[in-house]
Amino acid sequence: MRVSIFRPVVGYEGLYLVSDRGEVRSLGRVVRNRNGFCRKRARTLKPGTTRDGYQYVTLSDQDGRIKGYRVHRLVLEAFVGPCPEGMEARHFPDRNPANNNLNNLSWSTHKANQHDKKAQGTLVVGSRIHTSRFDEGDIKRIRTLSLTLNQTQIARLFKVHPSSISDIMTGKSWKHVA
C-alpha cells in the first residue's frame with residue numbers, strides 16, 4: 001500500500017496539509033475565540049459533498065475567517081501549482097468528482113473539460129440540471145405545439161416566460177434534443 005504524500009495547503013501554510021490522495025488535515029494550534037485562547041488538536045477533516053458530487057472542506061485562517069474550498073483544487077494547487085489563466089480543474093480519466101487523487105487531476109481548458117464530460121456521458125444538460133423546468137418529452141411537445149400555437153400561448157401552457165420557449169425554438173437551449 002502506497003503512503004500518502006502531504007504538502008501545505010496554499011494560503012494556509014502551518015494550518016492545514018493536503019495529501020496527493022485528497023485527504024485534508026488540520027495541524028494542532030492555539031486559536032483565539034470569544035473566551036480568550038483555546039488549543040485545537042490536529043485532525044483529518046471530513047469533507048462535505050456538493051450537490052454535483054464534488055468534495056469540499058471549510059478552512060479557517062489565524063484570524064478565524066472561514067472559507068470553503070473544493071478538495072480537488074487544494075490538491076492541484078499544492079502539488080501542481082496555481083491555476084493558469086484560462087484553465088480549470090479537470091477530473092480525468094475517472095470523471096468521478098469525489099476522486100481527488102493527484103493522478104486523476106489536472107489543469108485544463110473549459111472546452112477540453114466539457115468535451116471529456118460529453119464523451120463520457122457526465123455532462124449535465126437538459127433534465128439532468130436540477131433546476132430545469134422541462135424534460136426532454138416537454139421539449140418535443142413544445143416543438144410540436146409550435147406548429148399550431150404561438151410562443152406566448154405555449155409559454156402560458158407551461159407557465160414559463162415566452163423567452164424560454166423562444167430559446168427552445170431557436171436552438172439556444174435544449175439543442176441536444178432532436
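None of the figures in this text is laboratory data; all of them are computed from the coordinates on show. Predicted model, so just to flag it, every value in this text is computed and none were measured. For neighbour counting, all protein chains shown are included, and Cβ atoms are generated from backbone atoms with ideal geometry for every residue, glycine included.
For the residues Arg70, Arg90, Arg29, a GNM of the chain with alpha-carbon springs under 10 Å puts the largest fluctuation on Arg29.
For a modelled paramagnetic label at Glu136, 7 Å from Cα along Cα-to-Cβ, the residues of the range 151-170 in reach, with backbone nitrogen under 19 Å, are 168-169. Shown here are the Rg and Dmax of the Cα trace of the range 71-178, at 19.0, 59 Å. Shown here for the range 63-106: GluC sites (Glu not before Pro) in loop regions (DSSP other than H, G, I, E, B) with at most 16 other Cβ atoms within 10 Å, namely Glu85.
Phi angles of the range 132-149 translate, via the Karplus equation with coefficients 6.51, -1.76, 1.60 and θ = phi - 60°, into HN-Hα couplings of 5, 8, 10, 10, 4, x, 4, 5, 5, 5, 4, 5, 5, 5, 5, 6, 10, 10 Hz per residue; Gly and Pro are given as x. Find the percent of Cα-Cα distances in the range 23-103 that exceed 22 Å, and round it to a whole number. Distances greater than 22 Å cover 35 percent of the Cα pairs.
Take Ser4, project a point 7 Å from its Cα along the Cβ direction, then tell me which residues of the range 74-101 have their backbone nitrogen under 12 Å from it. Correct set: 75, 100-101. A simple spin-label model places the labels of Ala98 and Val160 3.2 nm from each other, with each point 7 Å out along Cα-to-Cβ.
Using the rule -39500 (n - 2.57) for each DSSP H run of four or more residues, divided by the residues of the chain, the 222 nm mean residue ellipticity is -7500 deg cm²/dmol. Using the Cβ-Cβ distance between Glu85 and Ala119 with R0 = 22 Å, the FRET efficiency computed as 1/(1 + (r/R0)^6) comes to roughly 0.30.
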